[in-house]
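Down below is the structure, laid out as C-alpha cells.
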Amino acid sequence: MIEDALEFDADKTIVTDVCVVGAGAAGISLTLELAARGVHVLLLESGGREAEERTQRLYEGSVADERMHSPPHRYRQRRFGGSTTIWGGRCVPFDEIDFEQRFYVEHSGWPLQRAELLPFYVRANQLCEAGEFEYRATAAFKRTLRPLIAGFESEHFTTDCLERFSSPTDFGARYARRLQESPYVRVLLHANLTAIRLGIGGTSVQSLLSRTFSQRVITVQASRFVLAMGAIEIARLLLSSRDTHLQGIGNQHDCVGRYYMCHIAGTVGTLIQNRAVDNVWHGYDVSDEGIFCRRRFALTSQTQRRLQLGNFIGRLHHPRITDPAHRSAVLSALQLAKGLISYEYGKRLHGEERLSAARWLGHVRNVIVGAGQVIAFGHHMLRDRFLAARKFPSIIVRSPAGRYSLDFHAEQEPLAASRVTLTEERDEFDTPRVMIDWHYSALDLKTVRESVRLFAQDIERCGIGRFEYDPESIESEMLRYGAYGGHHLGTTRMGSDVRTSVVDLNCRVHGVDNLYVAGGAVFPTSSQANPTLTIVALAVRLAEHLQAAALRERASVLA
Ligand SMILES: Cc1cc2nc3c(=O)[nH]c(=O)nc-3n(C[C@H](O)[C@H](O)[C@H](O)COP(=O)(O)OP(=O)(O)OC[C@H]3O[C@@H](n4cnc5c(N)ncnc54)[C@H](O)[C@@H]3O)c2cc1C
C-alpha cells in the first residue's frame, strides 16, 4: 500500500515490525527484500512521486569550499526513488582489494570480505536490472571484443573488467507497483523524519517522529528501525537527535559525519596515436541480454599494492570540449547548448570557463561544417536515449582527429577531517542544516598522478603513440571537478572498533540495539567503483539479517 501523509486528518501513531526511512535505492531494495521474507515494513519517505521545490529545499545546506563540493541540494533528489530518479545507472562491484586492510590507506579494511557479499551482489544486479552478475569481459562476451586500443598491453592495467548499465532503473517508478501490492508493505509519502527518540538508558530507539508540511506528526514504533536517507542526511539526523545523548546518536567517539568520501574524478591529457585513427574503441559493447557494457583501464591490485596506491580506473573520453580544435561538430554543438543540460550532467562536460569570441566562432564553424553529423547525433540521442526503455548511457563521440582524453575515477582515502557537521541554520521543520567540509589526501593525489604516469608510459612502450599531459595540471583538474557528484559515502562507517566506526558488521549502530543504517554511509572505504550496486547488495544482506533477528525474536516469545 502507498499512502500520502498529507491526506491524514489527524496525528497518528503507527506500530510495525521494521520501519525503513528513505525510499531510494537502499530503502526500496531493503523493503522489497523484507516483504519477500514476510516481514511487515513501514517505509517513510519525505518526498512525493514527483520533484517538489519545497521538499527539495529541505536538503539545502552549506559547503566549506564551493570549489571542492557542490551545494548539498544538488546531486541529491528528495523524492520517492531518491537519486535513482536521475542517476546514470553505471553498475560496478567492489574489487577484492577494496575490502582489505592496506597499511598505506589510512582507516582501510572492511569487517567483511568480498566473497561474503557475492550472493547479495547477484540479487543486487537483478534489482538494478544490469543483467548477469559477470563483470569480466572475457567471461561475459562469447565473441572477441575489439581492443580498447589496438596493441595496448600493460602489466599495470587490465582491460578485462566491465561496467554494466542499468536501464537506468528509477527505483521509485519501477517498484511502485510491487510496493503498492505487497500485503507486507506500507509506504508513507510526504513523511519527513525529524527526530529519533531513544528509550531510557539510550540503548534502543523507542520511536521516530516524522512531520508533514500540513503540520501532522506521525510517531512510529517498531522492533527495528533502518535509516536509508543517504549518507549526508543520515549523519544529519543522528547528530541532531540529541535529547538523550548530547553529542547525538552513535556519536560517543565523534565519528558520525566524519570520514566523508565521494570519488576523485577528472579528465586529463590527450592520446595522440601513431597509426590510423580507428585503433581506439571507447564505446559500449552490448551483451547478449541487451545490456550496455563498457570496458575500462583498471589499475591491477598488484600494482596498487606494489606502488602503494588507491584504486583507479580510466576510460578514453572525447577531447576537451571547450577547444574547437577537436573539429567535432557534435562536441561543438554540445558546448554551445551546454546551458540546456542539467547542473548534474553539465558539470561533467569539461570546461567551466567562458568562451572567447574566437573559440565561439570556431564552434559555430565546426557545427556548420558538420551539420549532418549533428543531425545524426540528435536522432541517435532521441531514439536511443530519450525514447528507449533501456537508455544509451552517455555521449560517445569519435574524435575526427583521433585524439582522446582520459577520464578517471579513483578511490578517495577516508579522512577524519573530511566531514558533515550541523550549523545554526534550520530548515522548515527546525532541523539544523548541514555544512560539508570535504577533503582529499596526499595519497589520493599520488594515486591519480602515478596511474596517469603509468598509462602514458605504457602507451609509449607499446608503440601506440604518446599520451600528452601536464603532471602539474592533475591537481587543478581534481579541483575543477571537486568531490564527484552524487556518491556520498562513509559518514557512519562500518567497523568493529567503536572509536573509529559507527555501525557494526551488520550495519547496526554501535550501542543502540535496534537502529541500523542502509546506504553508502556505511562504506569504510570507497573503491573506484560507483556505489549503488554495493549499496543495494548491502541492503539485501541487511534484509536477511533483519529477518533472522525477527525469527529469533518470535521463537523466544513462543518458547
Ligand atoms: C547525477 C547522478 C548520477 C549518478 N550516477 C550513478 C551511477 O552511474 N552509478 C552509481 O552507482 N551511482 C550513481 N549515482 C549515485 C546514486 O544515485 C546513489 O548512490 C543512490 O541513489 C543512493 O541511494 P540511497 O537510497 O542510499 O540514497 P538516495 O537515493 O539519496 O535516497 C534517499 C531517500 O531518502 C529520502 N529522505 C531524505 N531525508 C529524509 C527524511 N528526513 N525523512 C524521510 N525521507 C527522507 C529521500 O527523499 C530519498 O528518497 C548518481 C547520482 C547522481 C546524482
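All of the numbers you see were taken from the coordinates with simple rules; none came from a lab. Everything numeric in this text was worked out from a predicted model, so none of it was measured. Counting neighbours? That spans all protein chains shown, and the Cβs are built from the backbone with ideal geometry, glycine included.
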Kirkwood Rh in Å, taken over all unlike Cα pairs in the chain: 24.4 Å
Computed from the mean reciprocal separation of all distinct C-alpha pairs, what Kirkwood hydrodynamic radius does the stretch 259-399 have, in Å? 17.5 Å
Using a simple charge model, +1 on the beta-carbon of Lys and Arg, -1 on the beta-carbon of Asp and Glu, nothing else, what dipole does the stretch 339-428 show about its Cα centre, in debye to the nearest 20? 780 debye
Point-to-point label distance, ALA358-TRP281, nm (Cα→Cβ direction, 7 Å offset): 4.0 nm
The long-range amide H neighbours of ILE149, using H built 1.01 Å from N in the peptide plane and a cut-off of under 5 Å, are TRP281
Residues THR31, THR300 in order from fewest to most other beta-carbon atoms within 10 Å are THR300, THR31
For the stretch 163-270, I need the span (max minus min coordinate) of the C-alpha atoms along each principal axis, in Å, sorted largest to smallest. 61, 42, 27
Tilt, helix 532-558 to longest principal axis of the chain (alpha-carbon atoms), in degrees rounded to tens, equals 20 degrees
Relative contact order (%) - the chain, alpha-carbon pairs under 8 angstrom, separation at least six: 25 percent
On the first, second and third principal axes, largest extent first, how far apart are the outermost C-alpha atoms of the stretch 336-460 in Å? 55, 48, 39
Across the chain, how many lysine pairs separated by 8 or more positions, or lying on different chains, have Cα atoms within less than 26 Å? 5
Cα-based helix-to-principal-axis angle, 442-461 vs the chain, degrees rounded to 10: 30 degrees
Write down, largest first, the equivalent ellipsoid semi-axes of the stretch 39-129 in whole Å, where each equals the square root of 5 times an eigenvalue of the alpha-carbon gyration tensor. 30, 22, 13
What's the exposure ranking of CYS19, CYS507, going from fewest to most Cβ atoms within 10 Å? CYS507, CYS19
With the calculation restricted to Cα positions, what are the radius of gyration and Dmax of the stretch 258-322 in angstrom? 15.8, 50
Between the stretch 9-54 and the stretch 262-338, what is the C-alpha centre distance in whole Å? 39 Å
Kirkwood hydrodynamic radius (C-alpha pairs) into Stokes-Einstein, the stretch 210-276, 10 °C and 1.306 mPa s, D in µm²/s: 98 µm²/s
Using alpha carbon centroids, what distance separates the stretch 481-559 and the stretch 157-189, in Å? 19 Å
Counting only Cα, what are the radius of gyration and maximum Cα-Cα distance Dmax of the stretch 494-540, in Å? 10.8, 32
Folded to 0 to 90 degrees: helix 371-381 orientation relative to the chain principal axis, Cα: 30 degrees
Farthest positive-ward along the chain dipole, Cα basis, beta-carbon charges - from LEU533, GLN252, ALA548: LEU533
Picking from SER501, ALA442, PHE467, whose Cα lies most toward the positive end of the charge dipole for the stretch 436-504 (charges on Cβ: Lys, Arg +1; Asp, Glu -1)? SER501
The equivalent-ellipsoid semi-axes of the stretch 1-62, taken as the square roots of five times the Cα gyration tensor eigenvalues and listed largest first in whole Å, are 23, 17, 10
Just to be sure I understand: if I project the alpha-carbon convex hull of the stretch 403-541 onto a plane and average over all orientations, what area do I get in nm²? 12.1 nm²
Output for the stretch 287-333 (equivalent-ellipsoid semi-axes, sqrt of 5λ from the C-alpha gyration tensor, Å, descending) is 31, 20, 6
Under unit Cβ charges (Lys, Arg +1; Asp, Glu -1), what dipole magnitude, rounded to 20 debye, does the stretch 468-510 have relative to its Cα centre? 540 debye
Treating only the Cβ atoms of Lys and Arg (+1) and Asp and Glu (-1) as charged, compute the dipole magnitude of the stretch 383-445 about its Cα centre; round to the nearest 20 debye. 800 debye
